[in-house]
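The values are calculated or read from the model by the stated rules, or taken from the named source; none is laboratory data. Treat the numbers as computed from the prediction; the structure is a model and nothing was measured. So basically every Cβ, Gly included, is an ideal-geometry build from the backbone, and we count neighbours across all protein chains shown.
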Ligand SMILES: [Zn+2]
C-alpha cells in the first residue's frame, strides 16, 4: 500500500515537473518568436502600402477595396506579422525571407522546403491571376502579397545564411543593444520619428523613367537588387551604430520602400486593373 502511495506521489511530482517544463518551453518559444525580426517595421510597411495606393488603377483600387472590405493597403501591410502566433498559418512562417549565399544565385542556392519570399510571391501572383481564390481566401493572399513585396526589398531579407539575415549580428544602435537586421527593419526608420503618412510623403513618387524601369523588373530582380546592397549593409564598423551609418545608408531604405510601393501597385494593377 505504502509503495503504491509513494508511487502516486512521485507520479504527481513528475507530472508537475513536466507541466512546469512545458510552460517554460512555451514561454521560451514565445520569446524566441518575439525576438525574431519580421521585415520592415510598421512604419516602413505602411509607407510602402500608401505609396502603392497612389499608383493603383481605378479598377484595381475598386476591386481591392471590395476584397479587403474597405481596409487600406497601408493598414493590411503588417497583417502577415500579426498572424505569427496563429498556428493555422504555420505554412507561411518562412515566407518572409530567402537565403542566397554570397557568390550564388537564387537558382543555384539550396531551397528551403518550407518556402521562401521569392517562391511565395511568385506563387501568390500566379494564383491570384488564375482567379483560384475568392472571399476570405483571396483576402488572405492579397494581404500576404502586400507584405511580402515589402519584405523582399529589405536587403537583409535576402540573407547570406549563417547570421540569419543579420539577426545574429549584435550591434549597438546608439546606446541600446540591437542587431543588424533590426537596424534595417525599424531602428533607422523609427529614429526619424515620422508617422507612416509623413514618411511616405517624404519618400514621394519616383521620376517617370525610374518608375518605368522599376516596374519592368521581375520578382527575382528585386531579390538580386537586395543582394547588391550587402557591401553597404555590412559596413557597420565596430558595431557602434547611429548617426554616421544612417547618414550613409538611409537613402537605400527610402529607395527600397519607394521601389516596393510602385512595384506592388504594378503587380496589383496586372491582377485587378
Ligand atoms: Zn515579414
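Key figures for this structure:
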item: Test result for residue 91, more than 14 Å from the ligand (Cβ to nearest atom), at pLDDT 95 or above, closer than 26 Å to residue 271 by Cα and not in a helix (DSSP H, G or I); result: no
item: Test: residue 158 is within 16 Å of the ligand (Cβ to nearest atom) and at pLDDT 95 or above; result: yes
item: So residue 85, is it in contact with a helix residue (DSSP H, G or I) (Cβ under 6 Å, 6 or more places away or on another chain) and within 15 Å of the ligand (Cβ to nearest atom); result: no
item: Selection within region 101-147 - farther than 19 Å from residue 61 by Cα, touching a residue at least 60 places away in the same chain (Cβ under 8 Å) and within 16 Å of the ligand (Cβ to nearest atom); result: 117, 118, 121
item: Residue satisfying condition, being surrounded by fewer than 18 Cβ atoms within 10 Å (Cβ to Cβ) and either modelled with pLDDT under 95 or in contact with a strand residue (DSSP E or B) (Cβ under 9 Å, 6 or more places away or on another chain) (or both), within set 193, 209, 168, 179; result: 168
item: Any hit, region 216-239, residues being farther than 22 Å from residue 50 by Cα, in contact with a strand residue (DSSP E or B) (Cβ under 8 Å, 6 or more places away or on another chain) and surrounded by fewer than 16 Cβ atoms within 10 Å (Cβ to Cβ); result: yes
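Conditions tested, residue by residue: (1) in contact with a strand residue (DSSP E or B) (Cβ under 6 Å, 6 or more places away or on another chain); (2) in a helix (DSSP H, G or I); (3) at pLDDT 95 or above.
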site: 13; (1), (2), (3): no, yes, no
site: 23; (1), (2), (3): no, yes, no
site: 26; (1), (2), (3): no, yes, no
site: 30; (1), (2), (3): no, yes, no
site: 37; (1), (2), (3): no, no, no
site: 43; (1), (2), (3): no, yes, yes
site: 48; (1), (2), (3): no, yes, yes
site: 95; (1), (2), (3): no, no, yes
